[in-house]
């Protein structure tokens, strides 16, 4: 039997972490939001509050719902503050060494039956599980960005993940009103294994001069009915994240078709990471985004 998840800890109060906190609180769960930087926790709480206020303004939720959701999220300054959690989801930066450090430090603070999960978009669940004291209670729970809007959550079992852990995670996603899909533990799972090579190919198309930023994005929006062009989407995801997923695919599957485009590498080296740094394939510093190539 799986455990009933009522209290959720979230490590990392950035875009993904605050989005996960938002949907958990709206589903009536108690949330403890942790980050190594206390200022990030405060800004994460403010983000959730702002997003909920926007939903109230649009009439999607009532003011009472917003108030009660906000009251369910509390700051957790240390890992010890996560002790009452039934499930702890790590949503820190997409870097394996950082994630492993978090897991080895975290586990001593948790109750023995707590489930530990990672929101990684590409790193091996089996490897991350090995840095915990409970690989059988470890699972990948990969939310899509932006979390409050996107319907899908990928569940990824490591080699040691036991059935009750998977069943608990599946019930938790259903409680959030989202749809889960099961993926085997191979590099980048399902969505990013298909999506990121498409983005990488769009960058190659730009790099080889086949089309401009604008023509590539227009072609895919109107020619393939995508809601957002691949280069615009890359900027939204973050070019550093795109590059790290491509590197995981390239190293993990050793196939040249996953080689990150040199132009993607160059943009990341320049610090042009997309929307979050105000420049990527588009320049976001003015009123409207302007293509940079």
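Find the centroid of the Cα atoms in the stretch 215-235 and in the stretch 30-51, then give the distance between the two in whole Å.
Result: 32 Å between the Cα centres.
Can you tell me the relative contact order of the stretch 192-285? Whole percent, Cα pairs under 8 Å, sequence separation 6 or more.
Details: 110 pairs, mean separation 26.8, N = 94.
The normalised contact order for the stretch 192-285 reaches 29 percent.
Taking Cα pairs under 8 Å and at least six residues apart, what relative contact order does the chain come out at, in percent? If you can, show how the numbers build up before the last one.
Details: 532 pairs, mean separation 40.2, N = 293.
Contact order relative to length: 14 percent.
In whole Å, how far is the Cα centre of the stretch 67-88 from that of the stretch 105-169?
Rounded to whole Å, the Cα centres lie 18 Å apart.
Tell me the angle of helix 163-175 to the major Cα principal axis of the chain, expressed in degrees between 0 and 90 and rounded to the nearest ten.
That works out to roughly 70 degrees.
Give the percent of DSSP beta bridges with both residues in the stretch 127-277 that are antiparallel, rounded to the nearest 5. Display every interim value, and only then the final one.
Values: 5 of 10 bridges.
That works out to approximately 50 percent antiparallel.
Tell me the angle of helix 239-253 to the major Cα principal axis of the chain, expressed in degrees between 0 and 90 and rounded to the nearest ten.
Value to nearest ten degrees: 80.
Using only the alpha-carbon atoms, how far is helix 213-223 inclined from the longest principal axis of the chain? Give it as 0 to 90 degrees, nearest 10.
It works out to around 70 degrees.
Please compute the Cα-Cα pair-distance distribution of the stretch 1-78 with 5 Å bins starting at 0, giving whole percents from short to long.
With 5 Å bins starting at 0, P(r) equals 3, 18, 28, 23, 15, 8, 3, 1, 0.
How many nm separate the modelled label positions at residue 194 and residue 228, each set 7 Å beyond the Cα in the direction of the Cβ?
1.8 nm
Can you give the log10 of the normalised intensity I(q)/I(0) at q = 0.12 Å⁻¹, computed with Debye over equal Cα scatterers of the stretch 65-188?
Calculated log10 I(q)/I(0) at the listed q: -0.43.
If you take every DSSP beta bridge whose two residues both sit in the chain, what share of them, in percent to the nearest 5, is antiparallel?
Working: 9 of 33 bridges.
Counting only bridges with both partners in the chain, antiparallel ones make up about 25 percent.
Suppose we keep just the alpha-carbon trace of the stretch 192-285; what are its Rg and Dmax in angstrom?
Cα-based Rg and Dmax for the stretch 192-285 come out at 12.4, 38 Å.
Just so you know, all these numbers are worked out from the coordinates, no wet-lab data involved. This one's a predicted model, so the numbers in the text were calculated from it and none came from an experiment. Ideal geometry is used to build each Cβ from the backbone, glycine not excepted, and the neighbour counts take in all protein chains shown.
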